[in-house]
Amino acid sequence: MPALMALRKRAQGEKPLAGAKVVGCTHITAQTAVLMETLAALGAQCRWAACNIYSTQNEVAAALAEGGFSVFAWKGESEDDFWWCIDRCVNLEGWQPNMILDDGGDLTHWIYKKYPNMFKKIKGIVEESVTGVHRLYQLSKAGKLCVPAMNVNDSVTKQKFDNLYCCRESILDGLKRTTDVMFGGKQVVVCGYGEVGKGCCAALKAMGSIVYVTEIDPICALQAWYVRIWVRGQSMDGFRLVKLNEVIRQVDIVITCTGNKNVVVREYLDRMKNGCIVCNMGHSNTEIDVVSSSGVDHVIWPDGKRIVLLAEGRLLNLSCSTVPTFVLSITATTQALALIELYNAPEGRYKQDVYLLPKKMGKHTDRGQANSLLGSSAVLTLLRKKRLTLKEKSDCTKRTDQDFRKGRRDSGVSVETSRGRSLWRGCGITGPGATADIFI
Ligand SMILES: NC(=O)c1ccc[n+]([C@@H]2O[C@H](COP(=O)([O-])OP(=O)(O)OC[C@H]3O[C@@H](n4cnc5c(N)ncnc54)[C@H](O)[C@@H]3O)[C@@H](O)[C@H]2O)c1
């Protein structure tokens with residue numbers, strides 16, 4: 001986890017989290033363990049529970065416990081176990097958290113419900129997921145948010161990496177490990193074309209699946225768009241935009257990625273074909289109308305039809321496969337930076353509201369990760385020195401892909417020697433048909 005290691009190396013002398021008592025509720029995976037070790041190296045004490053009953057890697061939880069961390073989690077908790085674990089994290093004599101790191105909002109919700117007085121000592125909440133962020137905004141709107149909160153999900157370093165690439169890299173793995181399905185030629189409908197949906201669609205398309213998309217947001221719908229009849233051959237990402245009821249009878253796989261409730265309701269389950277695989281990549285298990293039903297369930301209808309429901313409708317990749325560490329390094333670093341920012345912020349900088357991580361801090365994450373990716377911070381330093389003028393940027397947009405491959409530009413930096421096009425974008429130059437200025 002390069003960015004996280006870079007942060008640890010840089011900040012462990014200063015101990016920016018000295019005195020912080022962080023209570024966390026996230027997926028307990030090897031990557032989380034590295035985050036917890038980093039927080040401890042920066043001076044924090046941590047107590048942790050899982051945010052999902054299936055995503056805990058038991059060997060990791062055991063190793064953390066052996067290393068002296070208080071971790072309450074195991075794979076396959078019951079609902080009661082889940083809340084018991086969260087309660088054990090916060091309800092401890094002589095120890096009170098002053099920072100919350102949440103994924104989904106359940107920990108925050110529990111403290112609000114059971115121990116509201118704790119908020120007197122809590123300096124802030126860092127929330128990772130879309131779902132948890134929605135809950136925070138609801139609290140804020142109702143005037144009930146009593147500490148500042150940092151919305152990590154919408155920071156560019158989380159959403160544009162974790163949500164998109166983690167899901168693109170892990171959706172196929174999750175489906176393969178559980179069903180052994182062959183993807184080529186399969187008809188798949190992906191509900192929601194946000195970052196997670198885009199990742200899933202890209203992976204399935206690359207494997208030769210026929211991918212349909214449902215969307216309620218016009219912008220995301222337009223991104224997915226492919227319309228054969230109206231505008232011949234015109235499309236954005238080239239996915240058939242459909243209503244779920246139009247394709248539900250014919251599809252082989254249904255994947256929900258909306259973060260919304262009741263996306264696949266009983267009526268759709270009734271109409272699915274025999275053997276249809278149904279799974280969810282969103283945060284909570286409310287996207288699919290699952291009344292009851294570890295890993296793979298065959299739900300059998302009275303006429304003998306079977307639906308293959310994966311992970312009880314809980315997020316598939318974290319329940320049934322693994323996710324790429326390199327991408328999660330970016331998210332974990334963003335979380336650590338958000339904790340540092342909120343914990344050290346002077347009185348009055350943040351009010352009782354939901355904030356985005358200051359952009360400058362997010363860029364540290366990318367730079368840390370980019371430096372180690374490129375193997376040379378000197379390259380980036382060089383590029384920073386040769387800051388491009390706006391004119392150069394606009395000239396650059398006129399260049400063709402061919403020019404990029406030739407690897408030449410006015411400032412004299414060779415693209416090829418700097419490992420290709422991503423570096424062009426890394427310099428904040430607009431490449432042909434794409435914009436990406438996150439590294440600057
Ligand atoms: N599995 C993972 O590894 C992982 C990683 C990151 C985020 N998530 C979770 O995935 C979910 C989606 O995250 P995101 O970043 O893509 O969010 P997003 O807001 O970018 O995208 C969600 C999309 O779903 C659409 N949508 C909402 N309701 C819909 C409906 N009924 N039918 C069709 N489309 C609908 C929205 O318009 C939106 O475009 C969240 O719950 C998030 O917490 C999962």
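Quick look at the numbers
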item: Longest to shortest principal axis, alpha-carbon extents of the range 1-53, angstrom; result: 36, 25, 9
item: Using θ = phi - 60° and Karplus 6.51 cos²θ - 1.76 cosθ + 1.60, couplings along the range 119-128 (whole Hz; Gly, Pro as x); result: 5, 4, 9, 7, 8, x, 10, 10, 10, 9
item: Positive minus negative residues near Asp303 (Lys, Arg vs Asp, Glu; Cβ under 15 Å); result: +4
item: The range 1-92: GluC sites (Glu not before Pro) in DSSP coil with no more than 14 other Cβ atoms inside 10 Å; result: Glu14
item: Cα-based convex hull, the range 95-147, per residue volume (Å³, whole number); result: 67 Å³
item: Percentage, to the nearest whole number, of Cα pairs in the range 103-259 over 18 Å apart; result: 65 percent
item: Cα shape, the range 31-114, gyration tensor, a/c 1.5 rule; result: oblate
item: Peptides ranked, highest mean first, by Cβ atoms within 10 Å: ranges 117-125, 28-36; result: 28-36, 117-125
item: Cα Rg, Dmax (largest Cα-Cα span) when computed across the range 257-338, Å; result: 15.5, 55
item: By average C-beta atoms within 10 angstrom, highest first, the peptides 16-22, 187-193, 300-306, 145-151; result: 187-193, 145-151, 16-22, 300-306
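Bear in mind that the values in this text are calculations on the coordinates, not laboratory data. Being a predicted model, the structure only gives us computed values, none of them experimental. Methodologically, a virtual Cβ is constructed for each residue, glycine included, from the backbone with ideal geometry; neighbour enumeration extends over all protein chains shown.
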